[in-house]
Amino acid sequence: METVNEKNAEIARRKKRVESLKRGIIIAVVCSILIPIVMCICLLFKVNSMQKQIDTLYLMKLEKKQMEMVASQSEELEQSQAELLVDELPQTSEASEEEQNQKKRVYLTFDDGPSSNTEAILDVLEEYNVKASFFVVGKEDDASMEMYRRIVEDGHTLGMHSFSHQYSTIYQSVESFSQDLENLQSLLKSATGKEITLYRFPGGSSNKVSNIGMEEFIRYLKEKDIVYYDWNVSSGDATSQELEPEEVVQNVLSDVKLYKNSVVLMHDGANKENTVRALPEMIEKLREMDVEFLPITDETNPIQHLKAEDVN
Ligand code: ZN
């Protein structure tokens with residue numbers, strides 16, 4: 001009897017052991033399947049969030065790059081638009097005899113100053129007794145304030161070219177445009193005592209940078225009795241690839257031949273040493289063409305890419 005009982009007990013123990021072994025194996029199998037799956041899901045989430053971070057960073061970089069591109073394109077636009085105008089401007093075929101005999105008029109204009117180059121340009125102009133026009137940006141340091149004064153005292157025309165020269169802010173809205181303009185106007189008034197009413201749009205009146213139509217800004221200028229001046233002759237001194245002084249001279253000479261009245265776009269910002277170097281020869285060669293150099297005044301018929309009279 002006892003042996004039978006012992007045997008039964010032994011069988012029961014074995015059964016139990018087998019059962020627990022089975023359970024162990026099942027748990028091990030389930031774990032070996034579940035753990036990798038869970039880990040995979042975790043990794044997937046992690047990769048996903050990292051991808052999003054990369055995307056954001058890439059977008060930020062792209063935006064910055066686009067902003068920089070817009071700025072540099074606009075500068076080149078100042079150049080290219082003048083070339084477009086060569087085809088657009090009618091020649092004076094119906095000009096009267098008096099007009100025919102009149103000398104060619106050349107208005108030299110300098111944008112983006114004052115800078116370290118402005119003084120040198122003023123010296124050259126003084127030496128050749130030529131009056132020009134300066135469309136300046138806003139700088140409050142003593143040297144710049146002195147340059148604003150000298151431009152006026154030397155008999156040149158002082159015009160505005162926006163305080164900040166930041167296309168993205170100036171052309172954001174009429175409000176930011178007017179704020180920028182008023183800041184520059186009051187700075188120039190405190191430097192020279194004069195109320196300046198001449199303007200040159202950064203990028204010209206037909207620039208394609210502004211999201212708002214340029215008509216809005218033109219309307220605002222008309223309300224304030226401020227006249228804007230574009231150009232029909234480009235020196236090419238604002239292209240991304242720096243031109244040799246001889247090339248700057250040639251660009252100007254070949255275009256001045258085309259017009260009775262030439263408004264020449266040049267720049268006196270920093271790094272425009274080649275414009276300074278080009279200026280004496282440019283003036284001498286233009287004198288050989290018997291042109292008359294004039295500063296822009298209220299009486300000057302403005303060259304406008306987008307005409308004020310077409311904007312109501
Ligand atoms: Zn400019």
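A short reminder: the numbers here are calculations on the coordinates, not readings from a lab. Since this is a predicted model, take the numbers as computed values, not measurements. Virtual Cβ from ideal backbone geometry, glycine too; neighbours counted across all protein chains shown.
The residue list 273, 288, 309 contains one member that is loosely packed, with under 15 Cβ neighbours inside 10 Å and closer than 24 Å to residue 153 by Cα, which is 273. Entry remark, the range 137-157: residues being of a type in the set (A, V, I, L, M) and under 15 Å from residue 182 (Cα atoms) number 1 in total.
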